[in-house]
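What follows is a single structure, written as structure tokens, with notes after it.
The values are calculated or read from the model by the stated rules, or taken from the named source; none is laboratory data. Fair warning: this is a prediction, and the values are worked out from it, not measured in the lab. Here the Cβ positions follow ideal geometry from the backbone for every residue, glycine too, while neighbour counts run over all protein chains shown.
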Amino acid sequence: MTLPFASIVVPCRNEAAFIGDCLESIIANTYPKDRCEVLVVDGMSGDGTRAIVAGYAKRYGFIRLLDNPKGIAPAAFNIGARAARGDVVLIMGAHATYDPEYIQLCVQSLLDSGADNVGGVLRTVARTGTLVGRTVALVLSHPFGVGNSVFRTGAGEPRWVDTVFGGCYRRDVFDRIGFWNEQLRYSQDIEFNRRLVRAGGRILLVPEIVTDYYARSSPGSFLRHNFRNGVWSVLPFRHSAAMPVQWRQLVPGLAVGAGLVLGLLSLASPVFGWGLLGLSGAYLVAALAAGAAIAWRERDWRYATLLPVAFAALHLAYGTGSVWGAGRVLLSTFSRTPSTASQE
């Protein structure tokens, strides 16, 4: 059987530290090079990324460099998907490296299952080998940290899911539901896959498909990244008539919001203070239990102390970002004039 032509879209911007390893892992993939193309869509990088990609394009005829003047991920996805010549389109992040069978498994699983999008498990790797870096990687791959996000926590067998990392799409998906929403600087992949499922599409996670993702390891970048993710768990509501994210993305914001309300109400009645104390106590017990379980598994009891702190940092940063995002949505809603609202 002749394999379908596969278009691999790699969005990037200022990824000089990672793009070389990413492309090397794609080149090392077993998928026939005469049956694929690699479209690196660059957001006008200023750190040497473009020169690195140009060097690869010179050596390998199946690699091309495309410009993304807007510099945002959804625009990169759309530029790549529209330029793609393939029957299937794979989105592959520049911050990751891929197992040699990655492309073959994605395409074959797509053909065998009848799915519209196929992806695998994200194996979170610390960018640095420090204890803090390893702690962050553990937090981002545990259910207490990321909920029922199966592509992060793993699965024992193939299963239908609501989203996957990257994704391998049938070409006709774009004819059926359109492209990525460029009003969403972030969370555009979640909204796109939500739209696909609502249109009757199916997304398959295959655990044998593995991607190594290099997580932010410093405390500052970890907090900033999760605050931003929290903001963009809510801002998509400004640009979508339907639910644009999964409920798990809203849980930290609801918890932080509930804590703030209880804290304010406790000024009027101590009953609400007890409610806040109960909420905080329940979270602390759960975080300590999760941290202890991971410490036992890793045979390193330092994690019993570090992990509860890291879980709290993740959820508070994300939840605070969500509350901030909700405030921005409400402010923009109430500040619109009737004529402006009717034009949207």
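All conditions but one from (1) in the same structural domain as Phe311 (by TED's automatic domain parsing); (2) touching an Asp or Glu at 6+ places or on another chain (Cβ under 9 Å) apply to Pro236; the one that does not is (1). Whether a residue is outside the structural domain of Gln188 (by TED's automatic domain parsing), out of contact with any Ser or Thr (no Cβ under 6 Å at 6 or more places or on another chain) and modelled with pLDDT under 95 was assessed, and Gly46 does not pass this test. Here the condition is being in contact with a helix residue (DSSP H, G or I) (Cβ under 8 Å, 6 or more places away or on another chain), on the phi < 0 side of the Ramachandran plot and either outside the structural domain of Leu105 (by TED's automatic domain parsing) or of a type outside the set (A, V, I, L, M, F, W, C) (or both); of Gly220, Gly263, it holds for Gly263 alone.
Determine which member of the set Gly86, Gly71 is farther than 23 Å from Val125 by Cβ and either buried (at least 22 other Cβ atoms within 10 Å of the Cβ) or touching a Cys at 6+ places or on another chain (Cβ under 9 Å) (or both). On inspection, the qualifying residue turns out to be Gly86. Where strands (runs of 3 or more DSSP E) fall wholly inside segment 50-126, the ranges with 1 or more residues that are of a type in the set (Val, Ile, Thr) and farther than 13 Å from Ser7 by Cβ are 96-98, 117-126.
Annotation note: Cβ proximity below 8 Å between a residue of segment 180-192 that is outside the structural domain of Leu90 (by TED's automatic domain parsing) and a residue that is modelled with pLDDT under 90 and of a type in the set (Phe, Trp, Tyr) (sequence gap 6+ or interchain) occurs for no pair. For segment 119-138, taking the residues that are under 15 Å from the mean Cα position of the chain (by Cα) and hydrophobic (A, V, I, L, M, F, W, C), the one that is farthest from Val206 (Cα to Cα) is identified as Ala137.
The number of residues in segment 306-341 being among the β-branched types (Val, Ile, Thr) and modelled with pLDDT of 95 or more comes to 3. Just so you know, in segment 186-209 the residues that are in contact with a Phe, Trp or Tyr (Cβ under 7 Å, 6 or more places away or on another chain) and surrounded by fewer than 19 Cβ atoms within 10 Å (Cβ to Cβ) include one that is nearest to Asp172 (Cα to Cα), and it is Arg202. When segment 127-178 is filtered for residues that are surrounded by fewer than 20 Cβ atoms within 10 Å (Cβ to Cβ), in a strand (DSSP E or B) and aromatic (Phe, Trp, Tyr), only Trp160 remains. Among the residues of segment 55-68, those identified as surrounded by 15 or more Cβ atoms within 10 Å (Cβ to Cβ) and either free of Cβ contacts under 8 Å to residues at least 40 places away in the same chain or among the aliphatic types (A, V, I, L, M) (or both) are Tyr56, Ala57, Phe62, Ile63, Arg64, Leu65, Leu66. Residue count for segment 2-31 satisfying the condition of being within 24 Å of Phe174 (Cβ to Cβ) and assigned to a loop (DSSP other than H, G, I, E, B): 7. Within segment 90-99, not a single residue is touching a Lys or Arg at 6+ places or on another chain (Cβ under 7 Å) and modelled with pLDDT under 95.
Given the residues Asp34, Asp47, which is the only one that is loosely packed, with under 14 Cβ neighbours inside 10 Å, more than 26 Å from Arg216 (Cα to Cα) and of a type in the set (Asp, Glu)? None of the others qualify; the one that does is Asp34. Among the residues examined, Ala286 qualifies as under 23 Å from Ser141 (Cβ atoms), exposed (fewer than 14 other Cβ atoms within 10 Å of the Cβ) and in contact (Cβ under 8 Å) with a residue 60 or more places away in the chain.
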